[in-house]
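See below for the structure under consideration.
The values are calculated or read from the model by the stated rules, or taken from the named source; none is laboratory data. Quantities reported herein were computed from a predicted structural model and do not represent experimental measurements. A quick note on method: Cβ atoms are made from the backbone with ideal geometry, for glycine too, and the neighbour counts reach across all protein chains shown.
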Amino acid sequence: MDVETAIRTRRTHKAFKREPVERETLDELFELARWAPNHNLTNPWRFRVVGPAALERLKAAAGPEAAPKLDRAPTLVVCSCVASGDDVQREEDLLATACAAYIVLLAAHGRGLAGYWRTPGVLRTPGGRAAVGLGDDERFVSLIHLGRPIQDKQAPERAGVGEIAAYLD
């Protein structure tokens, strides 16, 4: 699949088949994420694949109302950014980490997988952070749900280029 097709056809999925994504495939996705643009090559992104014990801890921290959403996908990946001491570098690293997370989603789609970028509140709590081993020097960026899709999804309407871009003199 070429890049343009991947960008135009990637969708958010919330229903997945139950088989987890293979470790080899995850390693390929993370290897591609390393190519995200980042100033000074700080490589600030960290990816943690949530295993069964970590998932149970995370669900306990989330509570009974939010926990079922953590069971939607067979593979969960926590994406975080290691914070630097410099304000400008910290912002650049955060944005670079978001790009790396998107590369994971796009590359997963290119392999026939489905993905879902979430930012559940539990990963901004001490209990949720501890459940997945997020250090005090890390900022939570996304919880990526990955798996094989149950159904196809059509593209929603998008804003026209004239609504989102301007050419300045």
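See the values below:
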item	result
Considering residues of the stretch 109-162 that are aromatic (F, W, Y) and at pLDDT 95 or above only, the residue farthest from the chain's Cα centre (by Cα)	F140
Qualifying residue in the stretch 26-33 (condition: under 20 Å from T97 (Cβ atoms) and either assigned to a loop (DSSP other than H, G, I, E, B) or basic (K, R) (or both))	no
Answer residue from the stretch 1-33, given it is basic (K, R) and surrounded by fewer than 12 Cβ atoms within 10 Å (Cβ to Cβ) and is farthest from G135 (Cα to Cα) among those	R8
Residue that is surrounded by the fewest Cβ atoms within 10 Å (Cβ to Cβ), among those in the stretch 98-127 that are among the basic types (K, R) and farther than 17 Å from R57 by Cα	R111
Subset of the stretch 1-25 [outside any loop (DSSP other than H, G, I, E, B) and under 17 Å from R118 (Cβ atoms)]	T12, F16
Criterion: among the hydroxyl-bearing types (S, T, Y), within 16 Å of the chain's Cα centre (by Cα), buried (at least 16 other Cβ atoms within 10 Å of the Cβ) and closer than 25 Å to F30 by Cα - qualifying residue of S80, S84	S80
